Amino acid sequence: MLDLAYLIPLFPLIGFLITGFFGKKLKSEALIGGIASAAVGLSFAVAATLFFTLTGLPADARSHTTYIFSWLAAGNFNVDVAYQVDQLSIVYALIVTGIGTLIHIYSMGYMHGDKSYPRFFAYLNLFIFMMLNLVLANNFLLTFLGWEGVGLCSYLLIGFWYDRKFEGVNIRFTGDAANKAFIANRIGDFGVLIAMFLIYKTFGTLEYNAVNTAAAVAPPDAGIMTAIALLLFLGSTGKSAQLPLAVWLPDAMAGPTPVSALIHAATMVTAGIFLVARNATLFALAPDAMTVVAVVGVTTALVAATIGIVQNDIKKVLAYSTVSQLGFMFAALGVGAFTAAVFHVMTHAFFKALLFLGSGSVIHGMHEEQDIQKMGGLKKYMPVTHRTFLIGTIAISGIPPLAGFFSKDEILWMTFEHGGHGPMWIILAIAAFCTAFYMFRLYYLTFGGKERFDHHRLHPHESPVTMTLPLNVLAFLSVVGGFLGVPYALGFFASDHPNLLENWLGPIFSQANGILGRGEHHSIHAIEYVLMAASIAIATAGILLASKLYKEESEKPAELARKFKGAYNLLLHKYRIDEIYQALVVSFIYQFSERFLWKVFDVKIVDGLINGAAKTTQSAGESLRRIQSGVTQNYALLMIAGIVVILTWLAVG
């Protein structure tokens, strides 16, 4: 049964080929959307079947590699197209295909009437195919193929409405936003490419299992391990939007909302988490690199969370929330809490996909309006969207017993226990407070209070069932999903193996945990209950503050903005990070390219060499042309002179 793993990426590939090449001929939107959705749904069915097959095997036998064909073979270098089905890859495959199926169904309603309807679903199917190659690959090179593939699909989907305007920092069209995402990711991808060269040079293979086993048995030089880990992390900062490469994701909201939900909330942006988790052994052998991962994650979580509290575009708030939540995941990876990071990947996929799709429902019902300052009172017009959006808001805020509480609390506890007993926990707690505040600010400004929109121009309405059905499913998962990882401190819920996900992923991270000196069993400390209560209190405080300021019409937010004008403007303009990049990086590259590469190197050196060679040839031709005068006496004279020269040379010789 496990040999059928190739079917998981195959179905979306078939869907891409059908919708991409024959979509316009099919004409029916229902048929096009149905084919694309069914392709991903079938992948989910196969993934679920393989998951249940794995559960029936012993814990140490839940890893199977399916070889498809030999891809590259040159001397001792061999790379196969092969899929590795184990506890980590199957979790990711279920997330990608499960959330992907719901978003495909949602898109059938959201994209109704779009002139490029078939192209949109072709791109979505291609993205799913590439993402599945990324997470199922048994080697770095096949993962890199999927890695670059999702980058391409991200470019195509962000710029899908290339003819529409989009106002952002130095961004005026969706195509510009797509370029920004593509270029920022290329910087990180270069790091992954160099890391693969070092890995092959060090270990002689690119297969994950072989590399991790070799590293654990005979660890190479610490400098090499640190370099490999940091280069892999550089790629992860690009794909998962961490500082300093986080600038692309907020502008990526220029794409259709289903794209934001699929690529920039639930799947592609978690690829960096997957890459670090898959190579947990390599990172465990590079403690300095893990410290960098933790520091970058914590910093990103706080910076993005503070920016989110003043944003007014409904999708921009969720975008900065995504960057912040990814920071939580990297903080967990940095302290060796690999299972906690993957757990938050899963729960975040549920509630963030729900929130993005909910925002899309609002935008759809408000006729493309995205400014939450021009909304308000929508709960009576959009009851299903309101109810499900509220569930997602509570979940991401970390209120029990919804999913976000369990995964976020696990990260907070692990960062406290393994991250220095204080500083990291405090920073992440502040970020958690900001999360609860800006999410309920978003909720109240959108659904509560007075109606601030123009009734003559806008007529809010509930979305069709193709859009509300995925919202209800994701809302249910946001409620119950956390029980897959009930912490041991709350083991009275299920005394036998309460943390199902930790037991499931345990064998994957056993090598790394052994290197880090972590035991197999989670110890319970009294302080864990104290910190758990503190995290709930912090989230509740954020909610209460947002309720006080935004639940009813109030002048307090405006007064606070005026009172703290400097801080407010700094956050509103996102710490001027884009402007700093524009001044220090983009403008420098433009000026260097114009003043040196073009006017000096290109014009004077490259063109000078080419033009000089041409002029030399021309001058030589002009000189030689004069010899061909057509006068016979001159030819005879030259022949005699030549004979004299030859005879003289022979005589002297």
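The values are calculated or read from the model by the stated rules, or taken from the named source; none is laboratory data. Predicted model only: the values in this text are computed from it and were never measured. Cβ: placed from backbone, ideal geometry, glycine included. Neighbour counts: every protein chain shown. Please note that ligands, DNA and RNA were not included when accessible areas were found on the heavy atoms of the full protein model with its side chains. Shrake-Rupley method; radii C 1.70, N 1.55, O 1.52, S 1.80 Å.
Some values worked out for this structure:
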item	result
Hits in region 538-564 (condition: under 30 Å from Gly422 (Cβ atoms) and either among the basic types (Lys, Arg) or surrounded by fewer than 11 Cβ atoms within 10 Å (Cβ to Cβ) (or both))	Lys548
Candidates Leu262, Leu318, Leu282 - the one that is open to solvent by less than 10 Å² (accessible area, probe 1.4 Å), under 11 Å from Phe233 (Cβ atoms) and of a type in the set (A, V, I, L, M)	Leu282
Criterion violated by Ile307 - all others in (1) open to solvent by 10 Å² or more (accessible area, probe 1.4 Å); (2) among the aliphatic types (A, V, I, L, M); (3) in contact with a Lys or Arg (Cβ under 8 Å, 6 or more places away or on another chain); (4) at pLDDT 95 or above satisfied	(1)
Residue check, Leu102 farther than 25 Å from Leu282 by Cα, surrounded by 24 or more Cβ atoms within 10 Å (Cβ to Cβ), at pLDDT 95 or above and not aromatic (Phe, Trp, Tyr)	yes
Region 108-152, residues that are touching a strand residue (DSSP E or B) at 6+ places or on another chain (Cβ under 7 Å) and either open to solvent by 30 Å² or more (accessible area, probe 1.4 Å) or closer than 30 Å to Lys25 by Cβ (or both)	Leu141, Gly146
Count of region 54-84 residues which are under 21 Å from Pro9 (Cα atoms), charged (D, E, K, R) and exposed (fewer than 12 other Cβ atoms within 10 Å of the Cβ)	0
Every residue from region 36-48 that is in contact with a helix residue (DSSP H, G or I) (Cβ under 8 Å, 6 or more places away or on another chain) and without any contact (Cβ under 8 Å) to a residue 60 or more places away in the chain	Ala38, Leu42, Phe44, Val46, Ala47, Ala48
Set Gly365, Gly392, Gly376: member being over 21 Å from Gly542 (Cα atoms) and touching a residue at least 40 places away in the same chain (Cβ under 8 Å)	Gly365
Residue within region 163-180 that is crowded, with 21+ Cβ neighbours inside 10 Å, out of contact with any strand residue (DSSP E or B) (no Cβ under 8 Å at 6 or more places or on another chain), hydroxyl-bearing (Ser, Thr, Tyr) and at pLDDT below 95 present	no
Tally, over region 124-148, of residues that are assigned to a helix (DSSP H, G or I) and more than 21 Å from Ser240 (Cβ to Cβ)	1
Sole exception among (1) open to solvent by less than 10 Å² (accessible area, probe 1.4 Å); (2) in a loop (DSSP other than H, G, I, E, B) for Thr237, by number	(2)
Helices (runs of 4 or more DSSP H) enclosed by region 580-653 - at least 2 residues per element that are under 30 Å from Ile187 (Cα atoms)	587-592
Number of positions in region 181-200 that are within 30 Å of Thr213 (Cα to Cα) and open to solvent by less than 20 Å² (accessible area, probe 1.4 Å)	8
Which listed residue, of Asp371, Asp288, Asp313, is open to solvent by 30 Å² or more (accessible area, probe 1.4 Å), touching a strand residue (DSSP E or B) at 6+ places or on another chain (Cβ under 7 Å), touching a residue at least 60 places away in the same chain (Cβ under 8 Å) and not polar (S, T, N, Q)	Asp313
Only listed residue being touching a Gly at 6+ places or on another chain (Cβ under 6 Å), among the β-branched types (Val, Ile, Thr) and part of a helix (DSSP H, G or I), chosen from Val317, Val298, Val323	Val317
Extreme residue, nearest to Thr97 (Cα to Cα), among residues of region 20-41 that are in contact with a Pro (Cβ under 9 Å, 6 or more places away or on another chain) and of a type in the set (A, V, I, L, M)	Val40
Selection count where residues are polar (S, T, N, Q) and part of a loop (DSSP other than H, G, I, E, B), scope region 363-401	1
Count - residues of region 604-653 that are within 30 Å of Ser593 (Cβ to Cβ), open to solvent by 60 Å² or more (accessible area, probe 1.4 Å) and of a type in the set (D, E, K, R)	2
Search result, residues across region 530-547 that are touching a residue at least 12 places away in the same chain (Cβ under 8 Å), over 11 Å from Met439 (Cα atoms) and not small (Gly, Ala, Ser)	Leu531, Met532, Ile536, Ile538, Thr540, Leu545
Matching helices (runs of 4 or more DSSP H) fully within region 402-490 where at least 1 residues are touching an Asp or Glu at 6+ places or on another chain (Cβ under 6 Å) and not β-branched (Val, Ile, Thr)	403-418
Candidates Thr65, Thr97 - the one that is in contact (Cβ under 8 Å) with a residue 40 or more places away in the chain, under 17 Å from Leu206 (Cα atoms) and polar (S, T, N, Q)	Thr65
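To keep it simple, each residue is scored yes or no on (1) under 23 Å from the mean Cα position of the chain (by Cα); (2) open to solvent by 30 Å² or more (accessible area, probe 1.4 Å).
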site	(1), (2)
Gly376	no, no
Lys380	no, yes
Ala395	yes, no
His418	no, yes
Leu428	yes, no
Phe437	no, no
Thr468	no, no
